[in-house]
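The values are calculated or read from the model by the stated rules, or taken from the named source; none is laboratory data. The model shown is predicted, which means the values in this text are computed figures rather than measured ones. Here the Cβ positions follow ideal geometry from the backbone for every residue, glycine too, while neighbour counts run over all protein chains shown.
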């Protein structure tokens with residue numbers, strides 16, 4: 001659970017250092033919970049969509065999630081940096097204003113496997129997600145929203161200076 | 001794992017930080033040169049008073065030590081918010097907080 005030590009690091013990354021310190025502290029939390037002090041919430045036995053996550057071509061990814069026809073939508077707000085210095089941490093923030101948003105898919109077009117994450121939005125959750133993803137190279141970030149059985153999409157080009165998949 | 005939930009009116013803004021290497025299976029150990037096996041969180045579930053509000057499936061392309069921020073409607077002081085994850089090796093962790 002210790003952070004991997006990298007031999008090279010771009011200068012001026014003191015925030016990362018702070019972050020790593022937070023991580024070290026957090027390991028103590030994990031240990032506490034792993035000891036069974038807090039019972040883990042039972043995870044649903046729902047399937048992890050292996051076919052979709054393993055797909056290497058974008059067309060196959062879309063097919064695997066059932067998105068045969070996708071409409072552009074200005075009702076999906078996607079916030080991502082135009083230039084990501086570090087492909088290992090690309091912040092993405094998604095807000096859907098499409099009524100009945102059921103699922104949000106995050107896709108990085110040129111990643112070895114384009115599908116990054118699927119978020120099922122149950123009743124009671126705002127159709128808003130903010131997270132951080134890895135991008136192997138510059139490409140479009142594509143957010144699909146499933147609402148009322150239909151698919152909608154918003155994209156943004158993200159230029160990656162240092163790729164974040166291998167290393 | 002860390003969780004912070006703040007009530008803004010009847011909406012709970014929840015930020016979660018998980019501690020996980022999120023190995024892509026593409027990285028090599030800089031010393032041995034051996035490939036570090038795929039190891040990543042596959043599922044994340046968030047509940048509000050025991051009811052699932054977010055059910056996520058992830059790939060190895062979510063950043064190391066994943067962060068996620070989401071918002072729960074109809075929340076009030078005393079409500080419990082819990083988040084659990086499970087990775088591809090069956091390891092699990094969870095955390096719970098009470099709104100105030």
Looking at the structure I just gave you, is residue A:70 under 16 Å from residue A:148 (Cα atoms) and more than 7 Å from every other protein chain (Cβ to nearest Cβ)? yes
Quick count over the stretch B:56-73, residues being more than 7 Å from chain A (Cβ to nearest Cβ) and over 16 Å from the mean Cα position of the chain (by Cα), is 0
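Go through the stretch A:80-118 and report how many residues are in contact with a helix residue (DSSP H, G or I) (Cβ under 7 Å, 6 or more places away or on another chain) and not in a strand (DSSP E or B).
3
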Any idea which residue in the stretch A:92-120 is farthest from residue A:80 (Cα to Cα), counting only those that are within 7 Å of another protein chain (Cβ to nearest Cβ) and touching a strand residue (DSSP E or B) at 6+ places or on another chain (Cβ under 8 Å)? A:120
Determine which member of the set B:65, B:69 is touching a helix residue (DSSP H, G or I) at 6+ places or on another chain (Cβ under 7 Å) and either under 19 Å from residue B:19 (Cα atoms) or assigned to a strand (DSSP E or B) (or both). B:65
Just to be sure, is residue B:11 under 16 Å from residue A:121 (Cβ atoms), surrounded by 21 or more Cβ atoms within 10 Å (Cβ to Cβ) and touching a strand residue (DSSP E or B) at 6+ places or on another chain (Cβ under 9 Å)? no
Scan the stretch B:18-46 for residues that are within 30 Å of residue B:82 (Cα to Cα) and assigned to a loop (DSSP other than H, G, I, E, B) and report the count. 10
Any residue at all in the stretch B:74-93 that is assigned to a loop (DSSP other than H, G, I, E, B), within 9 Å of another protein chain (Cβ to nearest Cβ) and free of Cβ contacts under 8 Å to residues at least 60 places away in the same chain? yes
Checking the structure you have, find out if any residue of the stretch B:12-35 is at pLDDT 95 or above and over 25 Å from residue A:88 (Cβ atoms). yes
I need a count of the residues in the stretch B:61-100 that are buried (at least 19 other Cβ atoms within 10 Å of the Cβ) and closer than 18 Å to residue A:91 by Cβ. 9
Would the stretch B:21-36 turn up any residue that is at the interface with chain A (Cβ under 7 Å from one of its Cβ atoms) and surrounded by 21 or more Cβ atoms within 10 Å (Cβ to Cβ)? yes
